[in-house]
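*Asks:* First the structure, then my questions, so here it is.
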């Protein structure tokens, strides 16, 4: 058994096909001065052909995984227009008289090495994008053929050192049982696409004292995309065990679908709205098929990422209106731009900071760059004419920030009135509660807005001063810490005292162990991944609010996280 990281859920059982590395070793070929024009023409023709291919892949993929996921290839097109990358290639041809393919290969190696040295997962993933685009360009300069995959009649588990979005786009998802990569992460473009395609994926295999290629073509594999496990040449007993688990998971998914149209109400009558966190229309379809009451968090960042400029007002309006139309009157909470920290834009240079998570990000950028913020506010307001749209501000730490954002919202309303553009004049505004400061002044903030949404991911991280991505201290990231329970209680009580609704949209919203906490606190709504809604609903239908309140009183008397976990586990067993 080899351990890795589960990046796309599910189990796959089948023969392996190891994808050859899509890269070349080239000798340092020099050219004559007289050949410069020819080399530049070869380069530009290769770029033109590569762009056509990428556009074709984007169009084909849009039909399979949706518009938003297909915009991954906008980042690849941007690389072919990137001045730094192209100047590096052109400089080597013109000043060092290198052949076009040699210049491209050396430019790829230079940028990939530079990005790989950075302690930044986002930049490491961009290195893979550069390698993908550069190798595509190299393929045309060398006249190399595409790598052929096994016949479509024989499904297989694909194995690769790393897998680029371009390579994944060429696969027929009907004939790829699963994917294993020796490197990669859960946030890579390939992982995003694998999840959208529903293909189990295990990345970043931990192979100690083994050959560079631990898996050979034709070997029988079992992969578990939930647990991040790969079995090579499993025993008959192991195959039977995982086949049974695969069957159980399939039947469980089928059984849960029967709850899609059931109201989310506890046995003693507490109705808890179950909404979806989305960043694309494809995610919305999954949520609606699971019976989501609406969208509790629409992350707008994807509109700004993997492109060369900020999206215009009309571009944003078209997307927001499409979601509102598809919801058919169900609530749509749109969170304003939340970039900074680990979310960067290629075309918007953020300052280098010692601690970007505590720096220039989210609402702080919006209130500083009012031109960008106003554009987004106008687009949201215009979309509000077509559905039950609400607006939510992220990373709020003070009353002044809320008042500043609402002033700009009022300015946007006045502009639209003067232009005769319709919008919902009663549009509700809310804020994310994700900072300890916001919890401490929750009663003051509740007087400024119509609803709260608790972002538990950041609230836990900031309250406990723990970066959960830091492996050395990630064990300290504890959502069921006694301090967190008190933070949650203070926030909900402040909302209830001021007569406003309160929801939860962080990962704790879909944590089944946390469900009795939300029932005890009388939270109004939970918002989560569409894939989690039915599982939470099934548990909700068997959990009493009155019993949850009794449990929560006990939890507040606990002195350690371990005690809280124990009581929650005991409660869950009793519910079963």
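*Asks:* Specify the residue that is modelled with the lowest pLDDT; the eligible residues are those in region 204-256 that are assigned to a helix (DSSP H, G or I) and in contact with a strand residue (DSSP E or B) (Cβ under 8 Å, 6 or more places away or on another chain).
*Replies:* Looking at residues that are assigned to a helix (DSSP H, G or I) and in contact with a strand residue (DSSP E or B) (Cβ under 8 Å, 6 or more places away or on another chain), I get 249.
*Asks:* Could you list, in sequence order, the residues of region 431-461 that are in contact (Cβ under 8 Å) with a residue 60 or more places away in the chain, surrounded by fewer than 23 Cβ atoms within 10 Å (Cβ to Cβ) and outside any helix (DSSP H, G or I)?
*Replies:* Selection gives 450, 451.
*Asks:* Here is a further query. Residues of region 467-509 being part of a loop (DSSP other than H, G, I, E, B), touching a residue at least 12 places away in the same chain (Cβ under 8 Å) and more than 15 Å from residue 431 (Cα to Cα), which ones?
*Replies:* Listed by number, the residues that qualify are 467, 469, 477, 478, 479, 480, 481.
*Asks:* When region 486-503 is examined, which residues are found to be out of contact with any helix residue (DSSP H, G or I) (no Cβ under 6 Å at 6 or more places or on another chain), surrounded by 21 or more Cβ atoms within 10 Å (Cβ to Cβ) and closer than 23 Å to residue 466 by Cβ?
*Replies:* The answer is 488, and nothing else.
*Asks:* If you don't mind, another one. Of the residues 520, 553, only one is under 26 Å from residue 443 (Cβ atoms), at pLDDT 95 or above and surrounded by fewer than 19 Cβ atoms within 10 Å (Cβ to Cβ); which?
*Replies:* One residue alone meets the criteria, 553.
*Asks:* Can you tell me which residues in region 529-565 are outside any helix (DSSP H, G or I) and under 17 Å from residue 270 (Cβ atoms)?
*Replies:* Passing the criteria: 541, 542, 543, 544.
*Asks:* Same structure again: Limited to region 129-185, what total is found for residues that are part of a loop (DSSP other than H, G, I, E, B), in contact with a helix residue (DSSP H, G or I) (Cβ under 9 Å, 6 or more places away or on another chain) and modelled with pLDDT of 85 or more?
*Replies:* Residues flagged as part of a loop (DSSP other than H, G, I, E, B), in contact with a helix residue (DSSP H, G or I) (Cβ under 9 Å, 6 or more places away or on another chain) and modelled with pLDDT of 85 or more within region 129-185 amount to 0.
*Asks:* Can you pull out every residue in region 514-528 that is touching a residue at least 60 places away in the same chain (Cβ under 8 Å) and in a helix (DSSP H, G or I)?
*Replies:* Result: 518, 519.
*Asks:* Could you please tell me which pairs satisfy a Cβ distance under 9 Å, a separation of 6+ or placement on different chains, a first residue in region 63-91 that is over 29 Å from residue 322 (Cβ atoms), and a second residue that is modelled with pLDDT under 75?
*Replies:* Close Cβ pairs satisfying both conditions: 82/346.
The values are calculated or read from the model by the stated rules, or taken from the named source; none is laboratory data. All figures in this text were calculated on a predicted structure; none of them were measured in a lab. A quick note on method: Cβ atoms are made from the backbone with ideal geometry, for glycine too, and the neighbour counts reach across all protein chains shown.
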